[in-house]
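The values are calculated or read from the model by the stated rules, or taken from the named source; none is laboratory data. Fair warning: this is a prediction, and the values are worked out from it, not measured in the lab. All Cβ positions, glycine included, derive from the backbone under ideal geometry; neighbour counts span all protein chains shown. What goes into the accessible areas is simple: the full protein's heavy atoms, side chains included, and nothing from ligands, DNA or RNA. Shrake-Rupley method; radii C 1.70, N 1.55, O 1.52, S 1.80 Å.
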Amino acid sequence: MAATGALSKILTKGLPSATAKSINPYAPVAKWILGTSGLVAGMVHIGGITRLTKSGLSMTDWKPFGSFPPMTEQAWIEEFDRYKKFPEWQQRKSMTMEEFQYIFYWEWGHRMLGRVVGVAFVAPWAYFFWRRQIPAGYGNRMKLLFAMGGTQGLVGWWMVKSGLGEDRRNDRKEIRVSPYRLAAHLGMAFATYSTLLWTGFGILQIPNDVANGSNGNFGTNSKTVNLAKSLTKEATNYARKIRTGAVAVTGLTAVTVASGAFVAGNDAGNAYNTFPKMNGQWIPRDDMIDPELEPAYRNMFENTAMVQWNHRVLGTTTAVSAATLALVGVAHPMARNAMTPQVVKGLTVLGGVAVGQMSLGILTLLNYVPIGLAAAHQLGSLFVLSSGIYVVHSLRYVSPSLLRIVNQRVASGVGVSGLGVAGRSTGASSIVMKAHK
C-alpha cells in the first residue's frame, strides 16, 4: 500500500519543467535555447512565404554577412537589371519595378532573419560559456547547433543557385529551385529546430533527472529514477509501448515534412485539387509514372501525381496514428498507473494538432494553395513535430537506456546510485557550485 501511495504521489505531480532559476540555475540557458528554437520556427515560416510568393530567386548573389537593400532609385534599377540577366526573368518579363521590390524584400528579409537567428544564438552562448553556465554534457551539443546553423546558410545558397544556372534558361516549365535541394534546406531547418527543442527540454529537467547524483549521472533520489523504480512491470511495459508509438509518430511526421518539401518543390499542390480521391481515382496509376523520367525512381520525387499521392498517404497516416496514440495513451485504464500529467497533456495536444494539420492540408489543396493557408499548413507541421518531441522526452523515464541500467542494478543488488546517462548534466551540488561562479 505504501508503494502504491508513493507511486500515486509521483505520478500525480509528474516531472514538471524547472523554469525558475531558484530551482534550476540553468533555467536561463534553457529559455535562451527554446527562444532560439522559436526564431528558427519563424525563419521556417518566412521561408515558406518567400517560396509561395515566388521570391526566392530575386537576389542573385550571396554575402555571408548580409547587406542593406537598395536605398536609392538608381540602386534599385541596378538590382533589377542584375535580376534580368538570369533565367527566371525570361518567364516574368511583364514584372514591374514595384513587383520586383515586393519579391526582393521577402527574400532579403528571409536571409537577414537567418543572420538575426545566428546572432541570437552565438551572443548568449558566448556569455553563458564565459560565466560557466553551460551544463556539463551540453558543450558539444552547443557546438553541433552552431555548426548546423552555419551549414543552413550554405545549403540555402546552394538551393538558390539551382534556379540561377544557365542550364535553366530553356526550361519549358516554371523555373524553380531543385526540389531535392529545397528538401535538404527545409530538412536542415527542421533538424536544427528539433535539436534546439530537445536540448531546451533536457536542461529544464536537470533538477528532476540528476538530483544528488555525481557529475553526469542520475542520482539515487532523482525524481526520474524514483518514477522508473516505482512503476509496476505492467505499467512499465505499457509506458514503453506508448513511447515507442510516440517515437514512430514523430519519425513519421519528419518523413511527411520531407514529402511536403517535394510537393512544394514540384508545385504539386496545384494539381488534383479534390479529396479524398485524385480526380475521381484513389490511385491515379496512369499519371504516377512518367516514362520520360529516367531512372524510374525519379518519379517518387519529381512526378506531380506520385509526389502528391505520397504526401496524402503520409499525412493521413500521421494524423490517424497520432490520434490513435493519444486515445490509447490517455483513455486506457493502465494510463493512470503509468502516465505523468506531462505525458497526458502532450498526447492530447499531439492528437489534436495532427488532426488539425491534416484538415488544414485538405483545405489548402481544395482551395488551390492560397498563400495564407499554405503558409499556415507548413507552420502546422512544426506544431505536430514539437508535440511529438515533447511526448518522447516526457517519457524518458521508460527509455531503453535508463530501464536497462535500472534492471541491471536491481538484479545485482547494487541499487541505482550513480546511473550513467549520456548527455545529462551535473548533480545538484555541482549545479549550485556552477550557478555561483
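Within the stretch 147-184, take every residue that is surrounded by 15 or more Cβ atoms within 10 Å (Cβ to Cβ) and of a type in the set (Val, Ile, Thr) and give me the one that is nearest to VAL122 (Cα to Cα).
Here the answer is VAL155.
Considering only the stretch 189-205, state which residues are in a helix (DSSP H, G or I) and polar (S, T, N, Q).
If the condition is that a residue be in a helix (DSSP H, G or I) and polar (S, T, N, Q), then THR192, SER194, THR195, THR199 are the ones that fit.
If you scan the stretch 366-398, which residues turn out to be open to solvent by 20 Å² or more (accessible area, probe 1.4 Å) and farther than 30 Å from ALA18 by Cβ?
Answer for the stretch 366-398, where residues must be open to solvent by 20 Å² or more (accessible area, probe 1.4 Å) and farther than 30 Å from ALA18 by Cβ: LEU366, ASN367, TYR368, VAL369, PRO370, ILE371, GLY372, LEU373, ALA376, HIS377, GLN378.
Which fully enclosed helices (runs of 4 or more DSSP H) of the stretch 330-437 have 3 or more residues being modelled with pLDDT of 95 or more and out of contact with any Gly (no Cβ under 6 Å at 6 or more places or on another chain)?
In the stretch 330-437, 341-366, 371-394 are the helices (runs of 4 or more DSSP H) which contain 3 or more residues that are modelled with pLDDT of 95 or more and out of contact with any Gly (no Cβ under 6 Å at 6 or more places or on another chain).
Could you tell me whether GLY251 is surrounded by 22 or more Cβ atoms within 10 Å (Cβ to Cβ), within 30 Å of LEU395 (Cβ to Cβ) and either among the basic types (Lys, Arg) or out of contact with any Phe, Trp or Tyr (no Cβ under 9 Å at 6 or more places or on another chain) (or both)?
Taking the combined requirement at face value, the residue does not satisfy it.
Suppose the filter is without any contact (Cβ under 8 Å) to a residue 40 or more places away in the chain and out of contact with any helix residue (DSSP H, G or I) (no Cβ under 8 Å at 6 or more places or on another chain); does VAL320 pass it?
Judged against the criteria, VAL320 is a match.
Could you check how many residues of the stretch 126-146 are open to solvent by 50 Å² or more (accessible area, probe 1.4 Å) and assigned to a helix (DSSP H, G or I)?
Number satisfying all stated conditions: 9.
Test MET358 against the stated conditions and say whether it is crowded, with 21+ Cβ neighbours inside 10 Å and farther than 21 Å from HIS185 by Cβ. Give the steps one after another, and end with the answer.
Numbers: crowded, with 21+ Cβ neighbours inside 10 Å: yes; farther than 21 Å from HIS185 by Cβ: yes.
Answer is yes for this residue.
Filter the stretch 59-103 for residues that are open to solvent by 80 Å² or more (accessible area, probe 1.4 Å), outside any helix (DSSP H, G or I), of a type in the set (Lys, Arg) and farther than 22 Å from GLY47 by Cα and give the result.
Hits for the stretch 59-103 are LYS85, LYS93.
Looking only at residues in the stretch 265-280 that are part of a helix (DSSP H, G or I) and open to solvent by less than 20 Å² (accessible area, probe 1.4 Å), which one is farthest from ASN367 (Cα to Cα)? Walk me through it before giving the result.
We begin by selecting, within the stretch 265-280, every residue part of a helix (DSSP H, G or I); these are 265, 268-270.
Of the ones still in play, those that are also open to solvent by less than 20 Å² (accessible area, probe 1.4 Å) are 265, 268-269.
Numbers: GLY265: 19, ALA268: 13, GLY269: 10 Å.
My answer is GLY265.
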